[in-house]
Amino acid sequence: MRRYFIVAFLHLSLFSQSQKIQHDWENYVLAVDGKPVSVNVDLGLSAKAPIKERPFVIILRTKIKNPDTQGMPYPEEYAPLLSMEDSLIYNLGKETGAIFTGRFTQRGLREFYFYAPDTIGFEKSVFAAMASFSGYEWLSQAKADPKWDNFFTVLYPSEIELLRIKGRRQLELILKGDTKKNESDMVHHSFTFSSLKDREDFLKNLPWAGFKILYLPSLPDTKTNKFTLEMQRKALLSLEWIDQFVVPLYNASKRYNGKYEGWTPVVE
């Protein structure tokens, strides 16, 4: 009985902490060795991770029954896989206080990732979750991961993927209900650099011409000690534009110890 109250109190405490997390689910796709990898991750956890109260990762891997030639499930298997996910979330959360952090799918496999305060009862909860999915082959493991390495190296997107995700979200807001989708917009771009020389070298080697420089202070910012650069250029906004223009601009700034802070359309 005493253990029940301790576990119940711990789960209540962890539940209260989880309420402070601004969950932000995102799905993105990469290509690895010519094959797609689909990742679904809670980006909101990055603001809190690693969460010291949940230093153990629980991983469950299952085989997709009938993957396509790219290793992805066909639509008819979406429902059982999502049902499996819901069952794991419920049972692991109930028994161990684990939170679901994301999953990835590739080469006919799907892996689910959870973080828990300990590993007590994880096997029991996994078996309970998978009891209704006897047609699936699966295996699970739990191990210490206090730095949340699995979250950041397996699930969390790279800087360039984050740039794409943020850009896509911006585009969805900008283009929603816009009747001028085939017209160019003036776009503002912001950068920071470690030194004046880095900024000068970047400007000398811009991957694109046609920029108008708006802000080029000779002194660093008093808070960040970085040298700011703000420019603008017209663009026809699209997902292709992010890959063909923004990503090369990001890479160019990084070559000169700079950081591409982002873009925003100019409201005229």
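Reported count of residues in the range 34-58, each being more than 25 Å from ALA129 (Cβ to Cβ) and not in a loop (DSSP other than H, G, I, E, B), is 4.
Using the structure shown, decide if ALA144 is among the hydrophobic types (A, V, I, L, M, F, W, C) and in contact with a Pro (Cβ under 9 Å, 6 or more places away or on another chain). Quick ask: steps written out before the conclusion?
Working: among the hydrophobic types (A, V, I, L, M, F, W, C): yes; in contact with a Pro (Cβ under 9 Å, 6 or more places away or on another chain): yes.
The answer is yes for ALA144.
In the range 64-75 there is at least one residue matching the filter, namely being farther than 27 Å from ALA144 by Cβ, outside any strand (DSSP E or B) and acidic (Asp, Glu). Looking only at residues in the range 72-104 that are buried (at least 22 other Cβ atoms within 10 Å of the Cβ) and among the hydroxyl-bearing types (Ser, Thr, Tyr), the one that is farthest from the chain's Cα centre (by Cα) is THR96. It is to be established whether one or more residues within the range 212-232 are among the polar types (S, T, N, Q) and within 27 Å of TYR28 (Cα to Cα). No, the range 212-232 contains no residue that is among the polar types (S, T, N, Q) and within 27 Å of TYR28 (Cα to Cα). Going through (1) touching a residue at least 24 places away in the same chain (Cβ under 8 Å); (2) over 19 Å from GLY102 (Cβ atoms); (3) among the small types (Gly, Ala, Ser) one by one, SER38 falls short only on (2). Summed over the range 130-147, the residues that are surrounded by 13 or more Cβ atoms within 10 Å (Cβ to Cβ), under 23 Å from PRO55 (Cβ atoms) and in contact with a Phe, Trp or Tyr (Cβ under 7 Å, 6 or more places away or on another chain) give a count of 2.
Test LEU229 against the criterion of being in contact with a His (Cβ under 8 Å, 6 or more places away or on another chain) and either in contact (Cβ under 8 Å) with a residue 60 or more places away in the chain or more than 23 Å from ILE174 (Cα to Cα) (or both), and give yes or no. Reasoning before the result, please.
Values: in contact with a His (Cβ under 8 Å, 6 or more places away or on another chain): no; either in contact (Cβ under 8 Å) with a residue 60 or more places away in the chain or more than 23 Å from ILE174 (Cα to Cα) (or both): yes.
No; evaluated as a whole, the condition is false for this residue.
Residues that are under 22 Å from the mean Cα position of the chain (by Cα), assigned by TED's automatic domain parsing to the domain that holds LEU30, surrounded by 13 or more Cβ atoms within 10 Å (Cβ to Cβ) and at negative phi: does the range 118-125 have at least one? No, every residue in the range 118-125 fails to be under 22 Å from the mean Cα position of the chain (by Cα), assigned by TED's automatic domain parsing to the domain that holds LEU30, surrounded by 13 or more Cβ atoms within 10 Å (Cβ to Cβ) and at negative phi.
Within the range 36-69, no residue satisfies the criterion of being closer than 23 Å to ASP243 by Cα and loosely packed, with under 14 Cβ neighbours inside 10 Å. For the range 211-249, what are the residues that are part of a helix (DSSP H, G or I) and either surrounded by 19 or more Cβ atoms within 10 Å (Cβ to Cβ) or more than 26 Å from the chain's Cα centre (by Cα) (or both)? Once the filter is applied, which keeps residues that are part of a helix (DSSP H, G or I) and either surrounded by 19 or more Cβ atoms within 10 Å (Cβ to Cβ) or more than 26 Å from the chain's Cα centre (by Cα) (or both), the range 211-249 yields ILE242, PHE245, VAL246, LEU249.
Yes or no, residue by residue, for (1) touching a strand residue (DSSP E or B) at 6+ places or on another chain (Cβ under 7 Å); (2) over 24 Å from LEU162 (Cβ atoms):
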site	(1), (2)
GLU183	no, yes
ASP198	yes, no
LEU206	no, no
ASN257	yes, no
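Within the range 126-156, being over 25 Å from ASN27 (Cα atoms), touching a residue at least 60 places away in the same chain (Cβ under 8 Å) and either of a type in the set (A, V, I, L, M) or not assigned by TED's automatic domain parsing to the domain that holds ASN66 (or both) holds for one residue alone: ALA144.
Can you tell me which residue in the range 148-171 is surrounded by the most Cβ atoms within 10 Å (Cβ to Cβ), limited to those that are aliphatic (A, V, I, L, M) and within 25 Å of PRO80 (Cα to Cα)?
First, pick out the residues of the range 148-171 that are aliphatic (A, V, I, L, M): 154-155, 160, 162-163, 165, 171.
Checking which are within 25 Å of PRO80 (Cα to Cα) leaves us with 154-155.
Values: VAL154: 18, LEU155: 21.
Going through the qualifying residues, I end up with LEU155.
Of the residues making up the range 126-152, not one is acidic (Asp, Glu) and more than 28 Å from the chain's Cα centre (by Cα). For the range 169-203, taking the residues that are modelled with pLDDT of 95 or more and assigned to a helix (DSSP H, G or I), the one that is nearest to TYR28 (Cα to Cα) is identified as PHE202.
The values are calculated or read from the model by the stated rules, or taken from the named source; none is laboratory data. Keep in mind that this is a model prediction, so the values were computed, not measured. Glycine also receives a Cβ, built like all others from the backbone with ideal geometry; neighbour counts cover every protein chain displayed.
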